[in-house]
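A.B. asks: Structure in structure tokens, see below.
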Amino acid sequence: MPFLSSISDSELVVLLKQDSKEAYTEIYDRYHGILYAFAYKKLNDREEAKDLIHELFLLLWERRSFLDVKLGLSAYLFTAVRNRVLNLIKHKKISSAYVESFQQYMDNNLFAADELLQQKELTAFIEKEIQALPYKMRQVFELSRKDHYSRGEIAQELNLSEETVKSHMHHAIKILRAKLGSMFFLIFLIYP
């Protein structure tokens, strides 16, 4: 709708809360490029920046009825991107510390009682990241990796199309890869 390009951000938020897909599209068109540039500048990684912005807009739509935009849409979106960037950096540091610790452990060939504890901590960390996925995406991922369902079985179980299941798995893996960094491969060891 051409008239949406001329209305204010606050009016767009009101329409968005009323489930207007057109308002959502206008917000996306207004802010996608500049938010991507902001995220890319902080992360220096195109794929991570793209995934971060994609996830932000996905959550904006999913949580539209609960939006609490007090200082303006622009400030809200930039703050959300900044917080996501900081969380991603924090997770990378944690992941890096775990991988470094694990590598030192392996290099020293220590097979002590704390191996089990470290494995539990690592599994808990990975599980926490899986639990942080959006609800449907997490359901699809868990049915696939933990319960070993096929794409068709997941689609039938959750009443989704196989393409939607494929899309959820693809996005879940991208999100987990971004959050877990070099530890991502451990998911396939823990959930073969």
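The values are calculated or read from the model by the stated rules, or taken from the named source; none is laboratory data. Not measured: the values here are computed from a predicted model. Note that we place each Cβ from the backbone using ideal geometry, even for glycine, and neighbour counts take in every protein chain shown.
A.B. asks: Hey, can you tell me all the residues within region 1-47 that are assigned to a helix (DSSP H, G or I) and among the acidic types (D, E)?
C.D. replies: Once the filter is applied, which keeps residues that are assigned to a helix (DSSP H, G or I) and among the acidic types (D, E), region 1-47 yields D9, E11, E22, E26, D29, E47.
A.B. asks: Return only the number of the condition from (1) modelled with pLDDT of 75 or more; (2) under 19 Å from E62 (Cβ atoms); (3) part of a helix (DSSP H, G or I) that L160 does not satisfy.
C.D. replies: (3)
Residue-wise test of (1) part of a helix (DSSP H, G or I); (2) touching a strand residue (DSSP E or B) at 6+ places or on another chain (Cβ under 6 Å); (3) modelled with pLDDT of 85 or more; (4) surrounded by 17 or more Cβ atoms within 10 Å (Cβ to Cβ).
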{"site": "K120", "(1), (2), (3), (4)": "yes, no, no, no"}
{"site": "K128", "(1), (2), (3), (4)": "yes, no, no, no"}
{"site": "Q139", "(1), (2), (3), (4)": "yes, no, yes, yes"}
{"site": "S144", "(1), (2), (3), (4)": "yes, no, no, yes"}
{"site": "G152", "(1), (2), (3), (4)": "yes, no, yes, no"}
{"site": "S167", "(1), (2), (3), (4)": "yes, no, yes, no"}
{"site": "K179", "(1), (2), (3), (4)": "yes, no, no, yes"}
{"site": "S182", "(1), (2), (3), (4)": "yes, no, no, no"}
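A.B. asks: Just checking, which of L52, L59 is assigned to a helix (DSSP H, G or I), among the hydrophobic types (A, V, I, L, M, F, W, C) and crowded, with 16+ Cβ neighbours inside 10 Å?
C.D. replies: Unique residue meeting the criteria: L52.
A.B. asks: How many residues does region 62-86 contain that are under 16 Å from D19 (Cβ atoms) and in a helix (DSSP H, G or I)?
C.D. replies: Looking only at that region, the number is 4.
A.B. asks: When you scan region 17-31, do you find a residue that is touching a helix residue (DSSP H, G or I) at 6+ places or on another chain (Cβ under 8 Å), charged (D, E, K, R) and surrounded by 19 or more Cβ atoms within 10 Å (Cβ to Cβ), even just one?
C.D. replies: The answer is yes, given that some residue of region 17-31 is touching a helix residue (DSSP H, G or I) at 6+ places or on another chain (Cβ under 8 Å), charged (D, E, K, R) and surrounded by 19 or more Cβ atoms within 10 Å (Cβ to Cβ).
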